[in-house]
Amino acid sequence: MKRICCINDMPGVGKIALGAMIPILSAKGINIASLPTALVSNTLDFGKFDILDTTDYMEKTVDIWHDLGFQFDCISTGFMVNPKQIDIIEKLINNQEKDNLLVVVDPIMGDEGKLYNGMTDHNVAIMRRLSAYADILIPNFTEACFLSNHFYEAETMTEEQADDLLNRCRRLGAKSVVVTSASVDGQDCVVGYDHKKEETFKIPFDLIDVRFPGTGDIFSAVLISDVMNGASLCEATSHAMQVVRDIILDNLDKKEKFFGVDIEKYISEGKL
């Protein structure tokens, strides 16, 4: 059984971050260790929240894991609180003895052209530094623009601009890149570059005009588990897109959208 260390925040209320990724990865047959970067009272969409920085706990935990010889096939990262956490993640990566270690970075910090509540340029700088370790970097379009410090005036990119955005993200040090929530020549799509195949890909989708927190975490969890189980990056991306779409459609009538989607029902029905 493959082993993954998920580094992300843990919500008290809401199917986001570790609260969304752990059940999905478990259902996909991945053995999980979690390293919370923060305890978050609830999804930030409520407007009122509290965040407990767990950096000291992370530092002690990584040292204990090293003493115990814990090894992972994959390390995935999400929400980060401060730069010291990057040092801790770097130590964890360097403690691994596997040549084929997969590092996946989801630079969670914004969407729809702006940073999330509580996010600042400080968080952008943290994510730029972390991106250098990524075998796979998974920003949405907004996050890719902030990471590359390159913004587009038009509502849609050309093919050349999409390739340029992928290259700008790769210049941060990332090997492969998947940019979600993009638009190319007027078509909503996910664009990516697979460094193993040395090729770009574009997968169109029909936008569903509704927002649920945590769908990016669901996307990442499905993509990561598929790649760990042998799928190509393009195949994993396409499957993750379909899963997110199906879950959103199943939850359209849910009134309390700030809580995220009900993934347990989807998992129990074996639809991953």
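Here are a few things to note about the model shown:
- Cβ-Cβ under 9 Å pairs, at least 6 apart or on other chains, region 234-254 side among the aliphatic types (A, V, I, L, M), far side open to solvent by 80 Å² or more (accessible area, probe 1.4 Å): Ala236/Asn229; Val243/Lys271; Ile247/Lys271
- Of all the listed residues (Ala154, Ala125, Ala132, Ala174), the sole one being free of Cβ contacts under 8 Å to residues at least 24 places away in the same chain, among the small types (Gly, Ala, Ser) and either closer than 29 Å to Thr55 by Cβ or open to solvent by 40 Å² or more (accessible area, probe 1.4 Å) (or both) is Ala154.
- Counting only residues that are small (Gly, Ala, Ser) and in contact with a Cys (Cβ under 8 Å, 6 or more places away or on another chain), region 55-77 holds 1 of them.
- Asn123 vs. criteria within 27 Å of Asn42 (Cα to Cα) and in a helix (DSSP H, G or I): yes
- All conditions in (1) out of contact with any helix residue (DSSP H, G or I) (no Cβ under 9 Å at 6 or more places or on another chain); (2) buried (at least 20 other Cβ atoms within 10 Å of the Cβ); (3) not β-branched (Val, Ile, Thr) hold for Gly216, with the sole exception of (1).
- Single condition Glu159 does not satisfy, out of (1) surrounded by fewer than 23 Cβ atoms within 10 Å (Cβ to Cβ); (2) at pLDDT 95 or above; (3) within 19 Å of Ala240 (Cα to Cα): (3)
The values are calculated or read from the model by the stated rules, or taken from the named source; none is laboratory data. Quick caveat, the model's predicted, so the values are computed rather than measured. All Cβ positions, glycine included, derive from the backbone under ideal geometry; neighbour counts span all protein chains shown. Protein only, heavy atoms only, side chains kept; ligands, DNA and RNA dropped before computing areas. Shrake-Rupley method; radii C 1.70, N 1.55, O 1.52, S 1.80 Å.
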